[in-house]
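Please treat every number below as a calculation from the coordinates, not as lab data. Since the structure is predicted, the reported quantities are computational estimates derived from the model, not experimental observations. Here the Cβ is made from the backbone with ideal geometry for all residues, glycine too, and neighbour counts use every protein chain on show.
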Amino acid sequence: MLKIDGHDDAVIGSATPWINHTRVEVLVYDGNKIVEKLVSEGMTQEEAFEFVGFNIEGAYVGEETPIIVWPGDINDYP
């Protein structure tokens with residue numbers, strides 16, 4: 001399974017979606033925890049959300065691309 005570098009603490013489990021008629025096991029990350037870590041490293045919350053959206057969610061690295069979920073109220077996000 002592919003990992004998002006530096007965010008092992010945000011892993012909440014795995015999933016096995018169907019991709020190209022095959023079950024593939026991928027890691028599932030909590031997007032909130034990734035944002036919290038980036039903020040603790042000096043980004044603003046807005047910068048952290050933008051970074052995650054563009055550099056992590058927007059990166060397709062093959063069939064084993066990790067999934068990011070955003071637990072909570074959708075209205076909490078910019």
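Please compute the alpha carbon radius of gyration of the stretch 2-78, then divide it by the globular-protein estimate 2.2 N^0.38 Å. Two decimals is fine. Write out the running numbers ahead of the final one.
On the way: Rg = 13.0 Å, N = 77, 2.2 N^0.38 = 11.5 Å.
Taking N as the residue count of the stretch 2-78, the ratio is 1.13.
Of all DSSP beta bridges located in the chain, what percent are antiparallel, nearest 5? Don't jump to the answer; show the numbers that get you there.
On the way: 6 of 9 bridges.
The answer is about 65 percent antiparallel.
Using Cβ counts within 10 Å as a stand-in for footprinting exposure, how do SER14, SER40 rank, fewest first? Each step should come with its number before you reach the end.
On the way: SER14 12, SER40 9.
Ordered by Cβ neighbours within 10 Å, fewest first: SER40, SER14.
Below 8 Å, C-alpha to C-alpha, sequence gap of six or more: please give me the relative contact order for the chain in percent.
Details: 92 pairs, mean separation 27.1, N = 78.
After rounding, I find 35 percent.
Please arrange LYS3, LYS37 by how many other C-beta atoms lie within 10 Å of their C-beta, fewest to most. Numbers along the way, then the final one.
Numbers: LYS3 12, LYS37 15.
By the 10 Å Cβ count, ascending, the order reads LYS3, LYS37.
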